[in-house]
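One structure is given below, encoded as structure tokens.
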Amino acid sequence: MDLVGLSRYISLLLRHRPEAAGITLDEHGWADVEELLEGIGRTRYIDMAILEEIVRTDDKQRYSFNENKTLIRANQGHSVPVDVELPQTEPPGFLYHGTGENYVVSISEKGLLHRGRLYVHLSGDMATALKVGARHGKPVIYRVDSGRMSADGYVFFRSVNGVWLTKHVPAGYLTIVS
Ligand code: HQG
């Protein structure tokens, strides 16, 4: 059973393209679990036990059920405009962002933009940022002066799976550290 492949497909549906399986998300990003199982079932095998296994074992804890497991949503990472009710949270002094070296020139001009997603994604530690950056080629890690940003009025959110999110990081708050 290719749980990782299924999880990737679920990410696509719950963050970016619910219509690919004929499902809809409500304003808070929730999908109906039965509808999701039925939608996925059109092209691959899945049942509730498998879905529960994916949610439980996902390496980044990407998904949450509601209490009675009738609804499911992605915790963060959306491109579709939903409000997953992220708590606004005071960031630590520094956060990190990993990217590919090809983006460095543009980032030095425009700062970090959220591009296709709703937010710029930041990590609490360099090891995670390195993994994220490696998805985009030779990795470059930025340290984000989040403490100063917060003092300057920028707002941060923390997803239930520990990813830090903000709308834009101007270049003046960025330092390349590796
Ligand atoms: C870059 C994964 C040029 C940005 C990870 C990034 C993460 C710019 C890319 C989550 C730029 C967007 C998000 C600018 C930003 N000019 N490039 N001005 N500003 N960029 O995939 O942060 O496995 O949308 O540096 O773990 O890589 O999907 O964002 O390289 O938490 O759960 O534009 O996705 O999680 O790429 O990754 P992405 P990301 P999942």
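Observations on the structure shown:
- Evaluation of GLY93 against the conditions (1) outside any helix (DSSP H, G or I); (2) under 19 Å from the mean Cα position of the chain (by Cα); (3) closer than 30 Å to THR175 by Cβ shows that the sole unmet condition is (2).
- Hey, VAL132 crowded, with 17+ Cβ neighbours inside 10 Å and under 30 Å from VAL33 (Cα atoms) or not: yes
- Test: residue in the range 129-145 that is in contact (Cβ under 8 Å) with a residue 60 or more places away in the chain and within 11 Å of the ligand (Cβ to nearest atom): no
- Under the condition of being open to solvent by 30 Å² or more (accessible area, probe 1.4 Å) and assigned to a strand (DSSP E or B), the residues counted in the range 152-173 number 3.
Table: residues versus (1) more than 30 Å from GLU27 (Cα to Cα); (2) of a type outside the set (Asp, Glu).
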| residue | (1), (2) |
| --- | --- |
| GLY100 | yes, yes |
| TYR103 | yes, yes |
| GLU109 | yes, no |
| ARG117 | no, yes |
| VAL120 | no, yes |
| VAL144 | yes, yes |
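- Residues (in contact with a helix residue (DSSP H, G or I) (Cβ under 8 Å, 6 or more places away or on another chain), more than 8 Å from the ligand (Cβ to nearest atom), within 15 Å of THR166 (Cβ to Cβ) and open to solvent by 50 Å² or more (accessible area, probe 1.4 Å)) located in the range 62-111: GLU90, PRO92, PHE94
- Residue within the range 58-77 that is more than 16 Å from the chain's Cα centre (by Cα) and in a helix (DSSP H, G or I) present: no
- Residue, nearest to the ligand (Cβ to nearest atom), within the range 14-23, restricted to residues that are touching a helix residue (DSSP H, G or I) at 6+ places or on another chain (Cβ under 6 Å) and not in a helix (DSSP H, G or I): ILE23
The values are calculated or read from the model by the stated rules, or taken from the named source; none is laboratory data. Since the structure is predicted, the reported quantities are computational estimates derived from the model, not experimental observations. Using ideal geometry, Cβ is built from the backbone for each residue, glycine included, and neighbour counts are taken over all protein chains shown. SASA here: full protein model, heavy atoms, side chains in, ligands and nucleic acids out. Shrake-Rupley method; radii C 1.70, N 1.55, O 1.52, S 1.80 Å.
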